[in-house]
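Peer 1: Have a look at the structure that comes next, please.
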Amino acid sequence: MTYCVGLNMADGLVMLSDTRTNAGFDNIATFSKMHICEVPGERAICLLCAGNLATTQTVANLLSEGIEVAGKVHTLSTVETMFHAAELVGEAIRRVYHTDGPSMHDHNVSFDVTFLLGGQIRGRKTALFEIYSAGNFIETTPDTPYLQIGEHKYGKPILDRTAKYDTELYDGVKLALVSMDSTLRSNLTVGLPIDLFVYRKDTFRVELRLRLTENDEYFKMLRERWSEALREAYRAIPRPSWQPDTSGA
């Protein structure tokens, strides 16, 4: 499995993915699930994927090679809007399903893929989409500025409580990392290293692309500080007023 999260805030985008793939207890490997398309000064786009590795890699390769639509070949480098980029990812998914879906079904392999697509193209707004196996998609709004794919349940509570559209960009990085840490602690199918993408609105270039390992000092500090903060908050909450009196007095 995997865990990927994206935040679309007023200042820009934060996208984060783990790198573990699991095809059984004795077949665990590391693969990047982050694909970046950058044309400095013109666009910066990030694609995160979850699900069957062979299928997601095929979709990513199709998007890189180009897909013919209405007599014209399109890639993420040539589409005019982020909405069209999401449509292109959806079309790539459907074409892979048309080619591989029947054979996968015959071998009892589920066609189960999801993608997060975020970025900005000059002249357009920043956008973040979640694209499903059927090729349809949803987009974030200021009311719900984040999306998750993969093993999302463990990292969702922190985002539900704290992620806001007006969250500062690198506070968003902290939230994404805490969300990832919660997932790493609770699910062995999600693992380090993790890939981080940061994009600042209207710059049309990647501000930060970073791979974090277990030896990264900031991430280690964040994990320890968050655990201690939770323990302190737990200890500071008064015990229930309806606790029975067991003193025997």
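Peer 1: From the square roots a ≥ b ≥ c of the eigenvalues of the alpha-carbon gyration tensor of segment 69-162, which class results: rounded (a/c under 1.5), prolate (a/b over b/c), or oblate?
Peer 2: Taking the square roots of the gyration eigenvalues as a ≥ b ≥ c, segment 69-162 is oblate.
Peer 1: I need the shape label for segment 1-121. Rule: rounded when a/c is under 1.5, else prolate if a/b > b/c, else oblate, with a, b, c from the alpha carbon gyration tensor.
Peer 2: Working: a/c = 2.40, a/b = 1.26, b/c = 1.91.
Because a/c hits 1.5 or more and a/b fails to exceed b/c, segment 1-121 counts as oblate.
Peer 1: While we're looking at this one, here's another question. Using the Karplus equation 6.51 cos²θ - 1.76 cosθ + 1.60 (θ = phi - 60°), what ³J(HN,Hα) coupling, rounded to whole Hz, does each residue of segment 130-143 give in order, writing x for Gly and Pro?
Peer 2: 10, 10, 9, 4, 7, x, 7, 7, 10, 10, 5, 9, x, 6
Peer 1: Something else about it: Rounded to the nearest 20 debye, what is the charge dipole size of the chain about its Cα centre when +1 sits on each Lys and Arg Cβ and -1 on each Asp and Glu Cβ?
Peer 2: Details: 26 positive and 32 negative charges, 72 e Å.
That gives a dipole near 340 debye.
Peer 1: Right, next: For K125, go through the lysines and keep the ones whose alpha-carbon is under 26 Å away, minus same-chain ones fewer than eight residues off.
Peer 2: K33, K72, K156, K164, K174, K201
Peer 1: Another one. Using Cα atoms only, what is the angle between the long axis of helix 169-186 and the major principal axis of the chain, expressed in degrees (0 to 90) to the nearest 10?
Peer 2: 70
Peer 1: While we're here: Just to be sure I understand: with springs between alpha-carbon atoms less than 10 Å apart, which residue in A54, A86, A134 has the highest mean-square fluctuation in the Gaussian network model of the chain?
Peer 2: Highest fluctuation among the options: A54.
Peer 1: When only DSSP loop residues count, what chymotrypsin sites (Phe, Trp or Tyr not before Pro) in segment 160-214 have their Cβ near at most 12 other Cβ atoms within 10 Å?
Peer 2: Details: sites: Y165, Y170, F197, Y199, F204; in loops: Y165, F204.
In loop regions of segment 160-214 (DSSP not H, G, I, E or B), there are no sparsely surrounded chymotrypsin sites (Phe, Trp or Tyr not before Pro).
Peer 1: Here is a follow-up. Could you check which residue among H35, H105, H74 shows the biggest mean-square fluctuation in a GNM of the chain with a 10 Å Cα cutoff?
Peer 2: Looking only at H35, H105, H74, the largest GNM fluctuation is found for H105.
Peer 1: Let me ask something additional. From the convex hull of the Cα coordinates of segment 3-236, what is the mean projected area in square nanometres? Numbers along the way, then the final one.
Peer 2: Numbers: hull surface 55.3 nm².
It is 13.8 nm².
Each reported figure results from applying straightforward, stated rules to the coordinates on display, with no laboratory input. Quick caveat, the model's predicted, so the values are computed rather than measured. Cβ: placed from backbone, ideal geometry, glycine included. Neighbour counts: every protein chain shown.
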